[in-house]
Amino acid sequence: MEWYSIGEVSKLCRIPIRTLRYYDDIGLLKPERISPDNNYRYYSKEGMRKIPLIKYYKQLGFKLEDIGKMLERQNLDVLEDYMAKELLIVEKQMAELQKKHFAIQEWHRLLKQGESLLAEPPKAREIQIAKFPLYRTMTFRYEVKDRQEADMEVLYSNLFVELCNRHNLYAYGPFMLYFEDIGQRIDRTFTGVDCYTAVIDDGTSEGLTTEVGGFEAISVVHRGDYRTIGQTYREVQEWAERQSVALKGTSYERYIIDPWSTTDSDNYVTELILPIGGA
């Protein structure tokens with residue numbers, strides 16, 4: 001039988017000597033012969049044939065402890081079983097990656113929308129009637145306990161992230177708040193708001209999500225700090241009165257560019273959505 005030293009195996013199979021020694025230590029690939037004179041390790045051709053298999057199975061994501069059993073190759077059922085189990089793991093990973101890809105893609109689109117709105121020259125606000133899209137959202141009620149806490153960032157960020165992480169839901173924007181009374185929103189006297197964020201719902205989050213939207217509303221974009229948002233609301237109310245459009249008295253705010261995206265409050269972009277159709 002022809003034997004190959006550990007150095008020759010390292011060169012022929014392009015594998016570090018330290019890796020071969022490690023595989024020997026853990027029993028994954030042991031040399032078939034050890035010289036009694038100098039303890040040199042020697043491998044046969046059959047042993048060398050296992051090296052590309054080890055590399056390939058590692059590339060596929062199998063654990064070394066499982067690869068050792070797969071290398072025995074005495075029973076096809078054993079190999080098939082390992083392949084089937086790994087396939088399920090990979091399919092789950094693919095589903096998670098698809099969710100992440102979609103979420104990141106939608107956030108990117110939201111940023112591009114905000115950049116486009118910021119690039120427009122200053123002009124009179126464009127107020128229009130449009131249909132508010134239907135979103136599948138994670139939602140919760142936030143009760144304001146301290147007037148100083150009535151800040152957009154405090155209202156949703158930490159709680160939403162914690163909820164999404166807990167239930168493995170991927171938010172993809174935009175964040176939205178619902179105010180039951182426009183007057184209280186303008187005066188900042190509201191005591192609670194409903195908070196929403198669109199999430200990817202694969203059917204496993206039943207009871208955790210709801211639908212919001214799908215109705216006619218007045219839409220206008222507010223640019224700048226939230227402290228000046230009351231003026232934009234008043235302009236919409238005046239416009240609705242001139243156009244004889246009945247407001248329901250509630251509002252949604254859809255955050256396109258917010259503190260998550262920029263530290264410059266002058267670049268905040270917020271869509272105000274005021275449902276119409278009377279009380």
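The values are calculated or read from the model by the stated rules, or taken from the named source; none is laboratory data. This is a predicted model, so every value here is computed, not measured. Methodologically, a virtual Cβ is constructed for each residue, glycine included, from the backbone with ideal geometry; neighbour enumeration extends over all protein chains shown. Only protein heavy atoms, including side chains, enter the accessible area calculation; ligands, DNA and RNA are left aside. Shrake-Rupley method; radii C 1.70, N 1.55, O 1.52, S 1.80 Å.
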With respect to Leu79, is the statement that it is assigned to a helix (DSSP H, G or I), closer than 21 Å to Ile26 by Cα, more than 21 Å from the chain's Cα centre (by Cα) and at pLDDT below 90 true? yes
Among the residues of segment 269-279, how many are assigned to a loop (DSSP other than H, G, I, E, B) and either under 22 Å from Phe190 (Cα atoms) or modelled with pLDDT of 95 or more (or both)? 2
Test Ala198 against the stated conditions and say whether it is of a type in the set (Gly, Ala, Ser), under 22 Å from Phe102 (Cα atoms) and buried (at least 19 other Cβ atoms within 10 Å of the Cβ). yes
When segment 229-279 is examined, which residues are found to be more than 34 Å from the chain's Cα centre (by Cα) and of a type in the set (Val, Ile, Thr)? Val236, Val245
When you go through Lys45, Lys69, Lys63 one by one, which is the residue that is within 36 Å of the chain's Cα centre (by Cα) and open to solvent by 80 Å² or more (accessible area, probe 1.4 Å)? Lys63
Please report, ordered by residue number, the helices (runs of 4 or more DSSP H) entirely within segment 1-72 with at least 3 residues that are in contact (Cβ under 8 Å) with a residue 40 or more places away in the chain and not small (Gly, Ala, Ser). 45-60
Restricting the search to segment 89-143, which residues are over 26 Å from Gly214 (Cα atoms) and touching a Phe, Trp or Tyr at 6+ places or on another chain (Cβ under 7 Å)? none
Residue under question is Thr250, and the condition is that it be surrounded by fewer than 18 Cβ atoms within 10 Å (Cβ to Cβ), closer than 19 Å to Cys195 by Cα and among the polar types (S, T, N, Q); does it hold? yes
Would segment 232-239 turn up any residue that is basic (Lys, Arg) and out of contact with any Gly (no Cβ under 7 Å at 6 or more places or on another chain)? yes
From the set of residues in segment 115-138 that are in a strand (DSSP E or B) and not charged (D, E, K, R), which is surrounded by the most Cβ atoms within 10 Å (Cβ to Cβ)? Thr137
Of (1) surrounded by 20 or more Cβ atoms within 10 Å (Cβ to Cβ); (2) modelled with pLDDT of 80 or more, Tyr156 satisfies every one except (2)
Consider Glu96 carefully, then state whether it is under 30 Å from Tyr172 (Cα atoms), open to solvent by less than 40 Å² (accessible area, probe 1.4 Å) and without any contact (Cβ under 8 Å) to a residue 40 or more places away in the chain. no
